[in-house]
Every structure is written in structure tokens, then in C-alpha cells.
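The values are calculated or read from the model by the stated rules, or taken from the named source; none is laboratory data. All values reported here derive from a predicted model rather than from experimental measurement. Every residue, glycine among them, receives a Cβ derived from its backbone with ideal geometry; neighbour counts consider all protein chains shown.
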């Protein structure tokens, strides 16, 4: 008699295997076997080494650090699974690349976030599971279901252990107002906003801090951090306005070099982030505290498998 196998299978791309392993461990299953063997001319070759016929399949891939390669690898995996008769294919994308290219802000520029959405659907994706999209409207670029998780409860709860007093949550620019308001509501604190004006293509000046930070601890919040410039400028402005301690929290720690070095020489005393993006070895410093959101993704996957509401995770 054959042993009954689970009706789902988890596979990992090569961008963030540790994250995928955490999810597999949560379910007590092994990751699906995949052969990754590039051709000599650098073309990507993938072979799924499991029987996926009639099964719900989840592919874990964070499209970051080398986004063009990892996106193509993901699309090829999806195509292979579709041709192997998987019942459904869920792309689990802890970090969704190209999300900042979500509109035409200049003549003759692409909307690359929409292109990526189309590529995923065309390849055979039946659902996308991601976290803290840079712009919520990106969900509307898809013709398939998109579940957008939020790291805020996990990050905010972790910061409550810091014993911060008279805290104000600050949006480092106008684009982060919704995030700052959500953090402030979760923590039961006030929020403020930093207003900036662009002087030239490469220079931005802070024109005002809307809200009171004098004599208070400050928590700067955003969805991602790449170079660190926006957060560090905001931290400097808050300090000049009389803030006490300054902290920062963001979901996606892209941290392009030399972002961490800049943080270490800034007024920011602690950075809270998640592991949606694999933290490079050179960025593993005491200043940066990373919390795993893999269990949250695993719970969302469980809801998808059992057809439960994902919003129930946050209630």
C-alpha cells in the first residue's frame, strides 16, 4: 500500500533557500527536489524532480539582489510545474521586485510592475503571496488573486519590548504616511510626517516636520530601505528638531552598499527589519535586528491550502 502523500508541495528557488526551509520545517515536510544546472552560456536550466501531478504547489522566491536572474528562474520553474500538471501554482514572493516602477512619472517610461505581473500570470501562476507591496494598487495589476501580508504587527510587537516612552511614529516622506498611521494605531501612539521638496534631480531638502518630535523618542517607518538616504535624512532632521532616541523599522532590507555603513554613522540607534530579503553577511551588524516572518507566510499558506481566510491570521 502506498503511503498517502500531502496534497501540497513546497519548492524553493535559489534566491532565499533558508526562508523556504523555515516554511517547510513549519509543516514538517521536505522541500521539493529541483535540479538547477545552468548551461555553459549561462542560460537557466531547471528540472522538477518530484511528481506534482494534481498537487497544489508553492514556490518560494524573493526577487532581490539579482532580480533579473531570480525572476527568470522563477518563471522557468513555474512553466516546468505547469507542464508537469500541477493543480495550482502559488508564487510566494517575500519581496516583489520592480514594485517602485508602478506608474508613468515621466514620458516614455515602462510600468515594469505591471509587466512582472503579466509575466507571472502568463507563465502559469494561479496566485501570488507577498508582503508589504510598495504600492497597494499593484494588486490590481494582476488578473489572479494576490494576498499581501503585513509585517507591521510582528515588528511593532518586537519594539514594544524596548520600553520606549513618549514615542512618536514618523513617516520619512509623504509616501510613507499610510504606513506611519498604521504603526501609530497599532502602538497607540501619535504620528508625524516629514515633508520634503526637490531642489534638483539629485538633491532633496526637508522643508518641515508636521508633528511634534521635541523631547520624544522617534520611530521612522517605511516599507523598504535600499540606500538608506531617506531614513538617515529624516533621522538628522528629527534630531535637529529636538528628538531624543531615533529608531527605524522597515520590512524589506535591501541595503545596497554602503547603506549599513551610513546607518552606523547616523543618529539611528537601532534598525528593525524582517528576513523577506536575505541579509548579506557584511550587513549582519548589531545595529540591525531582523525578525523572521517565515512563520507568518507558513500560516498564510496553511490558509490557502485549507481555503480559510488569510485575514484571520491578523485578527
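Quick notes on this structure:
- Residue list for the stretch 25-67, filter: under 18 Å from residue 128 (Cα atoms) and not in a loop (DSSP other than H, G, I, E, B): 56, 57, 58, 59, 60, 67
- Listed by position, the strands (runs of 3 or more DSSP E) contained in the stretch 93-176 that have at least 2 residues being within 18 Å of the chain's Cα centre (by Cα) and touching a residue at least 24 places away in the same chain (Cβ under 8 Å) are 127-131, 146-149.
- If you go through the stretch 270-298 and keep only what is surrounded by fewer than 16 Cβ atoms within 10 Å (Cβ to Cβ) and free of Cβ contacts under 8 Å to residues at least 60 places away in the same chain, you end up with 281, 282, 284, 285, 286, 287.
- Within the stretch 72-92, tally of residues that are outside any strand (DSSP E or B) and surrounded by 24 or more Cβ atoms within 10 Å (Cβ to Cβ): 4
- Flag for residue 235 being assigned by TED's automatic domain parsing to the domain that holds residue 185, within 25 Å of residue 24 (Cβ to Cβ) and without any contact (Cβ under 8 Å) to a residue 60 or more places away in the chain: no
- Residue match in the stretch 96-103 (condition: in contact with a strand residue (DSSP E or B) (Cβ under 7 Å, 6 or more places away or on another chain), under 17 Å from residue 310 (Cβ atoms) and either buried (at least 21 other Cβ atoms within 10 Å of the Cβ) or modelled with pLDDT under 95 (or both)): yes
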